[in-house]
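Read the structure below first, then the notes.
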Amino acid sequence: MTRISIMMAKKQTWLKGFVADNNGYLVGNPRLRQLRSKLEICYYPQKIIGFKQCRYAYNMLDQEDSTFEKGWIPFNSSNPSSVAGESWTYRDSDVTGSYPFVGLISTYSGGGYVADLGSTKEDAHQMLNELKENLWIDKNTRAVIAEFVLYNPNKNLFAVMMITFEYPETGGAFPYYKVNVFRLDRYIGSLMFVTLAAEILVAAYIIYSLVIEIRKIKAERKAYFKEFWNVVEIVTTGISVGAIFMFFYRLFVSIQLSGEMEGRKNKFISFQYAAYWDEVGFE
């Protein structure tokens with residue numbers, strides 16, 4: 001081993017904002033989001049069972065969405081001494097920026113109880129200690145989702161990470177992860193103009209085909225639809241035109257998200273919507 005490699009082995013350093021491999025840049029803050037089931041009274045004969053409260057499966061349409069104090073103590077707005085905990089306050093999907101998510105056991109809503117882990121290791125440790133001391137995860141927790149976004153500047157790739165731990169009413173914990181890797185900005189690098197030119201040519205050909213088919217319909221009218229291959233052609237062209245509109249909408253979403261990154265550098269930024277559009281297949 002060289003002297004430099006020995007020194008690097010003795011003391012590992014990290015560039016500011018990057019994870020341990022110095023390749024992935026953390027975009028915004030990571031966060032935890034919890035989904036819960038409601039606390040219900042048992043419907044079984046209590047004298048036989050001996051329990052006053054039971055655990056129930058998660059239901060996205062009937063989930064827990066109340067406000068609590070720390071430790072999941074019910075919040076009383078009429079009591080001045082009752083203070084709602086920030087990570088014990090439910091936030092709907094409009095606030096979290098998330099969308100329904102399919103796990104191994106259930107489908108979870110985009111809302112939940114959110115804990116922001118901050119932008120430094122010290123902030124994360126402080127938040128995690130607070131959650132642990134106040135039993136943030138308890139018997140009514142049905143899923144905890146760790147959400148964060150990494151960016152690799154070498155490849156111009158974003159990785160949307162969702163690491164989920166599901167807690168069914170029967171007990172246990174089931175880990176599940178989902179990673180979406182995509183390019184938010186396609187027009188970067190030496191091949192930018194080649195990519196742009198190819199997309200313009202494809203769009204021009206589709207529009208040309210649409211004009212041709214419209215002229216045929218005007219000329220032949222009902223007779224046009226009696227030919228099988230005419231129907232195939234118009235359906236294919238229609239799907240292609242729809243793909244163009246979806247492509248431009250995805251581009252609009254990318255531009256909007258890029259602007260949000262500039263204004264929210266120390267906040268969690270949800271890339272889930274952009275990742276869903278990338279899954280449609282327009283990368």
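The values are calculated or read from the model by the stated rules, or taken from the named source; none is laboratory data. Owing to the predicted nature of the structure, the values given are computational and were not obtained by experimental measurement. Every residue, glycine among them, receives a Cβ derived from its backbone with ideal geometry; neighbour counts consider all protein chains shown. The area values use the complete protein model at the heavy-atom level, side chains included, leaving out ligands, DNA and RNA. Shrake-Rupley method; radii C 1.70, N 1.55, O 1.52, S 1.80 Å.
Magnitude of the charge dipole for segment 128-195, about its Cα centre and with charges confined to Cβ atoms of Lys, Arg (+1) and Asp, Glu (-1), is about 380 debye. Once the convex hull of all Cα atoms in the chain is built, its volume per residue stands at 262 Å³. Counting only heavy atoms of the protein chains and using a 1.4 Å probe, Asp65 has close to 90 Å² of accessible surface. The Kirkwood hydrodynamic radius of segment 151-273, based on inverse pair distances between different Cα atoms, is 18.8 Å. Work from the charge dipole of the chain (Cβ charges, +1 for Lys and Arg, -1 for Asp and Glu, about the Cα centre) and give the residue of Gly112, Gly71, Asn156 farthest towards its positive end. Farthest towards the positive pole: Asn156. Diffusion of segment 205-283 by Stokes-Einstein, at 10 °C in a medium of 1.306 mPa s and with Rh set to the Kirkwood radius over alpha-carbon pairs, works out to 104 µm²/s. Checking the Cα-Cα distances for Lys155/Lys265; Lys70/Lys139; Lys121/Lys155; Lys16/Lys267; Lys121/Lys267; Lys70/Lys121 against a 19 Å cut-off, the pairs over it are Lys155/Lys265; Lys121/Lys155; Lys70/Lys121.
Based on the reciprocal of the average 1/r between different C-alpha atoms, the Kirkwood radius for segment 75-178 equals 15.8 Å. In units of the compact-protein estimate 2.2 N^0.38 Å, segment 89-143 shows a Cα radius of gyration of 1.28.
Using a simple spin-label model with pseudo-atoms 7 Å out from Cα toward Cβ, Asn230 and Asn152 lie 5.1 nm apart. Computed over the chain, the per-residue total of -39500 (n - 2.57) for DSSP H runs of n ≥ 4 gives a 222 nm mean residue ellipticity of -11500 deg cm²/dmol, rounded to 500. Counting only protein chain heavy atoms and rolling a 1.4 Å probe, the accessible areas of Glu166, Glu40, Glu279, Glu122 rank, largest first, as Glu122, Glu279, Glu40, Glu166.
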